[in-house]
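Following: one structure in structure tokens, then a few remarks.
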Amino acid sequence: MSGLALPPAKKPQGQVTRGKTARNRLRQVDHFCLMYDPGLLTRCDGDFSHALFVDLGYGAEPFTTLETAARLRTLNPTLSLLGVEIEPERVARAQPYNDQNTFFRLGGFNLPLLADEKVRAIRAFNVLRQYEEKDVAPAWQQMARGVLPGGLLIEGTSNPFGSILAANILRRVADDSAPWRQEALVFYTNFRLGFDPVEFQTILPKNYIHRMITGQPIYNFFARWKACAAETAHKRAFGLRPWFVASIECLAQYGYALRTQKKWLNRGWLIWDLD
């Protein structure tokens with residue numbers, strides 16, 4: 001493997017983002033990765049022995065990739081990280097931060113992988129929101145190249161400081177014609193903006209945000225969550241976190257496959273399993 005900013009085999013696919021990512025904006029996404037599937041981060045059999053974690057669209061500065069590397073390496077000290085950007089000047093600025101396990105390369109949705117490289121997970125945050133909904137599935141399809149079966153795509157949006165976020169969780173399957181299985185939709189809040197399910201609607205991933213219309217599953221989900229938040233509003237007397245937890249426990253009673261373990265709810269996570 002090489003840390004050189006080697007040009008990809010094909011023209012990078014995608015658009016330049018604003019790139020204004022605040023430091024630690026994606027800290028909670030890193031913690032989610034450590035909790036959600038730690039075995040994927042430590043797996044070292046076969047092609048997983050040197051498989052990459054990819055930070056796609058890291059922005060004007062390489063800090064999100066470097067922060068992620070530091071956090072994930074608390075679990076796997078030899079984990080390789082690849083930061084990918086479509087803007088050449090951003091890639092050039094990142095080159096001083098290359099090391100034996102951290103690489104920065106020019107690329108897009110068609111990941112700039114070397115011939116022998118494989119991917120265990122991709123994080124693509126605050127990237128697809130600037131696209132049309134019709135562009136989402138083709139972008140997912142392109143990103144599947146090089147991802148090992150069982151690997152993850154974590155694709156979503158946060159507010160500028162990462163205090164709330166929403167993300168798709170997709171799992172790579174062996175079928176290249178339909179390479180992803182949509183595994184979960186997740187939401188996070190640190191309660192600095194209070195607690196109101198409506199706030200999450202503004203940061204829904206692109207494949208959902210235009211589906212907030214009567215009859216759509218995502219619309220029904222939020223309608224029920226808002227009703228549950230109203231029903232459990234008396235819990236607010238004990239704080240926003242207990243209210244959040246109670247609203248999700250209420251929501252789970254209506255047949256939604258939600259993870260109600262305290263390790264998720266008490267940290268501000270709602271995980272809706274879609275399988």
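What the table below lists for this structure:
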quantity	calculated
Residue check, Leu75 touching a Phe, Trp or Tyr at 6+ places or on another chain (Cβ under 7 Å), surrounded by fewer than 23 Cβ atoms within 10 Å (Cβ to Cβ), of a type in the set (A, V, I, L, M, F, W, C) and farther than 28 Å from Tyr208 by Cα	no
Considering residues of segment 206-252 that are among the charged types (D, E, K, R) and in a helix (DSSP H, G or I) only, the residue surrounded by the fewest Cβ atoms within 10 Å (Cβ to Cβ)	Glu231
Of all residues in segment 122-134 being in a helix (DSSP H, G or I) and touching a residue at least 40 places away in the same chain (Cβ under 8 Å), the one that is farthest from the chain's Cα centre (by Cα)	Glu133
Qualifying residue in segment 181-201 (condition: touching a residue at least 60 places away in the same chain (Cβ under 8 Å) and more than 19 Å from Tyr36 (Cβ to Cβ))	yes
Checklist (1) over 15 Å from Pro205 (Cβ atoms); (2) of a type in the set (A, V, I, L, M); (3) in contact with an Asp or Glu (Cβ under 8 Å, 6 or more places away or on another chain); (4) at pLDDT below 95 applied to Leu82, failing item	(4)
Members of segment 202-212 found to be of a type in the set (A, V, I, L, M) and in contact with a helix residue (DSSP H, G or I) (Cβ under 6 Å, 6 or more places away or on another chain), listed by number	Met212
Count of segment 42-58 residues which are in a loop (DSSP other than H, G, I, E, B) and over 15 Å from the mean Cα position of the chain (by Cα)	4
Qualifying positions in segment 67-111 - closer than 19 Å to Pro38 by Cα and outside any loop (DSSP other than H, G, I, E, B)	Glu67, Thr68, Ala69, Ala70, Arg71, Leu72, Ser80, Leu81, Leu82
Qualifying residue in segment 121-130 (condition: closer than 24 Å to Asp275 by Cβ, touching a Lys or Arg at 6+ places or on another chain (Cβ under 7 Å), buried (at least 18 other Cβ atoms within 10 Å of the Cβ) and not aromatic (Phe, Trp, Tyr))	yes
Qualifying residue in segment 94-116 (condition: on the phi < 0 side of the Ramachandran plot, basic (Lys, Arg) and surrounded by fewer than 19 Cβ atoms within 10 Å (Cβ to Cβ))	no
Count - residues of segment 138-147 that are surrounded by fewer than 23 Cβ atoms within 10 Å (Cβ to Cβ) and either free of Cβ contacts under 8 Å to residues at least 60 places away in the same chain or farther than 19 Å from Ile169 by Cβ (or both)	6
Leading residue by the ranking (surrounded by the fewest Cβ atoms within 10 Å (Cβ to Cβ)) among those in segment 162-205 that are among the polar types (S, T, N, Q) and not in a strand (DSSP E or B)	Ser177
Test: residue in segment 112-121 that is in a loop (DSSP other than H, G, I, E, B), without any contact (Cβ under 8 Å) to a residue 24 or more places away in the chain and more than 30 Å from Arg241 (Cβ to Cβ)	yes
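The values are calculated or read from the model by the stated rules, or taken from the named source; none is laboratory data. Remember, it's a predicted structure, so these values are computed and weren't measured experimentally. When we count neighbours, we look across all protein chains shown, and the Cβ atoms used for this are built from the backbone with ideal geometry, even at glycine.
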